[in-house]
Amino acid sequence: AGLRACGVHNVCRLLTRRAHGFYARDAGVAHRKNLGLLRKIMCQESTKFKNVWTTHSASPIAYERGRIYMDNYQCCITSIAQQPRLIYQKSKCAKSEKIEDALLLECPLGEMLPSPSDYKASLIVLTVQNWLLRLSADSGEVLEKVYLAGSCCKFFRYLSWDTPQEVMIVKSAQNKLPAAARQAGIQQTVLFYLAVFQVLPLSFIGMLEINKKIFGNSVTDVAVSNGILIVMYSMGLVRLYNFKAILEQFMEQPFDLGQEFNWNGQVGVVGKYPFGLPCNIKITDTPPLLFEASSLENAFQIGGYPWHYIITPNKKKHKGVFHICSLKDNTLAKNGIQDMKCCSLEPDWIYFHPDMSGRIIHVGPNLIKVLKLKEVKNHADQMEIAEDFTIVANRENCVNNSVTVTASGRVVKKRFTLLDDDPEQETFKIVDYEDELDLLSTVAVTQIGADGRAHLDFHCNEHGILLKSIPLKESWDVTYSHEVYFDKDLVLHIEQKPNRRFSCYVYQMVCDTARDDD
């Protein structure tokens, strides 16, 4: 009514004006303005990022939305405060309670939930003994617990989202028979089990098995994403099925958590020990195939507008070559073969931009290309790949002449050339996107001798212009595993060294003053 009072009656115009912030009473307007101010402050030359906290651990360190988890999620530290501080510390758990995987669960907006605890962030964890627990993110208290494995499966290991913050998939490890059983001629037909849950409130949708008799003998892995069942095969084949249709077509009987059941001769309570969950979705026939493609190492991505997919031709000689094709008719886009022709130890990588713009990010050792799909002129039904912008590593001081002349005038020819990702040259290692500030972040590393130096750069997501560069104080060894998180005014670097030694470095945004040069 307020919008109509302004004299605007067209729905499209209302949505456009709201997106541009015309209505000051909209809560999102203030939030967008605040984030815009934060971005400007962050990119000022006088703004610095200071290393405010460092810790080391013998167990993996994880980061989720302002919380640092250590000691197998028994210790939680907030990184939002001026200096990280302890939120909770639980007693050391037994090996039988070890957490295998975890997902952060956040309250959906505008929905009525059955419990007050549902409105606060929580952590869904999967233990080695097949318990699914929902823990309070503020205290670590167990809010809900579900026992997964009945007689059908003993090894649930992985958590993932089908629909983020709505539908969750719990996947088992691949079932493998003991060597003695295989020698005795016993056949194992069930490869994986998938348990499907609706979250907040946590409810059981169903459990199904991935069987060789239905999907074939050469299945190596499965995944579920955005309503699609993705089945991968040893020869590089990837097949897509409608997961929602599978649930509806092959559901034998629905069950609720806590419900008493009598299933295949078993009597128990759904989600309680020792019965766990019934396998109530039985796929008896091969589901209708939506799409299939053959790609090296099963690498397959869908995105863009109109829909396109990215594959690598299924031959080792084509590693590093990417084909961008239309999902509608499999036609290769104009300029759709992307090949950086890198000579490097680590391959380049490509993916659809997570900002939902439909663009594509292609990362090489010294070059980042942001590509876009656009219509071919005078051919509206054909798409081409065009360069939106590029980011180039700083290698101005790098000289790699194959022929040099000594002071005495002697000509020396090198018998080798440097790799594109030679540690002594600045090389891109990480590329990420900060959605709330609309910034593209890159980590570039140069290693001289035993000492490696890295810097985190912020680029304008629209044009690629460098806005800010932050040197990381700690040495960066390119042979170690690294993760870097950029979350608003926080930068967090997690490093894994040999022999399961982990380090965490936290940087906070600070205003530069005459008294503090850090």
#### Entry: Of the criteria (1) assigned by the TED database to the domain that holds LEU191; (2) β-branched (Val, Ile, Thr); (3) open to solvent by 70 Å² or more (accessible area, probe 1.4 Å), which one ILE337 fails
(1)
### Query
Which residue pairs have Cβ atoms closer than 7 Å, lie 6 or more positions apart in sequence or on different chains, and pair a first residue in segment 354-371 that is under 18 Å from GLY336 (Cβ atoms) and in a strand (DSSP E or B) with a second residue that is open to solvent by 10 Å² or more (accessible area, probe 1.4 Å) and of a type in the set (S, T, N, Q)?
HIS362/GLN338; LYS369/THR390
### Query
Using beta carbons and a limit of 8 Å, which pairs, at least six apart or on different chains, have the first residue in segment 78-91 and part of a strand (DSSP E or B) and the second one among the basic types (Lys, Arg) and surrounded by 13 or more Cβ atoms within 10 Å (Cβ to Cβ)?
THR78/ARG67; ILE87/ARG67
### Odd one out for ASN51 among (1) over 20 Å from GLU495 (Cα atoms); (2) in a strand (DSSP E or B)
(1)
### Query
Taking segment 456-489 only, how many residues are touching a residue at least 24 places away in the same chain (Cβ under 8 Å), part of a loop (DSSP other than H, G, I, E, B) and farther than 24 Å from ASN34 by Cα?
7
### Wholly within segment 166-248, strands (runs of 3 or more DSSP E) carrying at least 1 residues that are over 18 Å from ALA102 (Cα atoms) and among the acidic types (Asp, Glu)
203-211, 219-225
### Message
So, ILE186, is that one modelled with pLDDT of 95 or more and open to solvent by 20 Å² or more (accessible area, probe 1.4 Å) or not?
### Response
no
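This table checks each residue for (1) open to solvent by 50 Å² or more (accessible area, probe 1.4 Å); (2) modelled with pLDDT under 95; (3) outside any strand (DSSP E or B).
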| site | (1), (2), (3) |
| --- | --- |
| ASN397 | yes, yes, yes |
| THR417 | yes, yes, yes |
| VAL443 | no, no, no |
| GLN447 | no, yes, no |
| ALA454 | no, no, no |
### Task
Answer yes or no: is there a residue in segment 300-313 that is in contact with a Gly (Cβ under 6 Å, 6 or more places away or on another chain) and either hydrophobic (A, V, I, L, M, F, W, C) or in contact (Cβ under 8 Å) with a residue 60 or more places away in the chain (or both).
yes
### Message
If a residue must be open to solvent by 50 Å² or more (accessible area, probe 1.4 Å) and either more than 21 Å from LYS374 (Cβ to Cβ) or among the β-branched types (Val, Ile, Thr) (or both), how many such residues does segment 305-334 contain?
### Response
7
### Query
On the given criteria, is ASN335 polar (S, T, N, Q) and in a loop (DSSP other than H, G, I, E, B)?
no
### Query
Do the conditions hold for GLY236, that is, is it touching a helix residue (DSSP H, G or I) at 6+ places or on another chain (Cβ under 7 Å) and either more than 17 Å from PHE192 (Cα to Cα) or open to solvent by 30 Å² or more (accessible area, probe 1.4 Å) (or both)?
yes
### Query
Going through segment 122-151 one residue at a time, which ones are closer than 20 Å to VAL167 by Cβ, open to solvent by 30 Å² or more (accessible area, probe 1.4 Å) and outside any strand (DSSP E or B)?
none
### Query
Does GLU387 meet the test of being farther than 14 Å from PRO306 by Cβ, open to solvent by 60 Å² or more (accessible area, probe 1.4 Å) and in a strand (DSSP E or B)?
yes
### Task
Hey, could you check segment 78-106 for residues that are open to solvent by less than 40 Å² (accessible area, probe 1.4 Å) and more than 22 Å from the chain's Cα centre (by Cα) and say which is farthest from PHE156 (Cα to Cα)?
ALA81
### Message
Of everything in segment 153-206, what is over 30 Å from PRO116 (Cβ atoms) and aliphatic (A, V, I, L, M)? Give them in sequence order.
### Response
ALA173, LEU177, ALA179, ALA180, ALA181, ALA184, ILE186, VAL190, LEU191, LEU194
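The values are calculated or read from the model by the stated rules, or taken from the named source; none is laboratory data. Just so we're clear, the structure is a prediction, and the values are computed from it rather than from any experiment. No Cβ is skipped: glycine too gets one built from the backbone with ideal geometry, and neighbour counts run over all protein chains shown. The accessibility values were calculated without ligands, DNA or RNA, using every heavy atom of the protein model including side chains. Shrake-Rupley method; radii C 1.70, N 1.55, O 1.52, S 1.80 Å.
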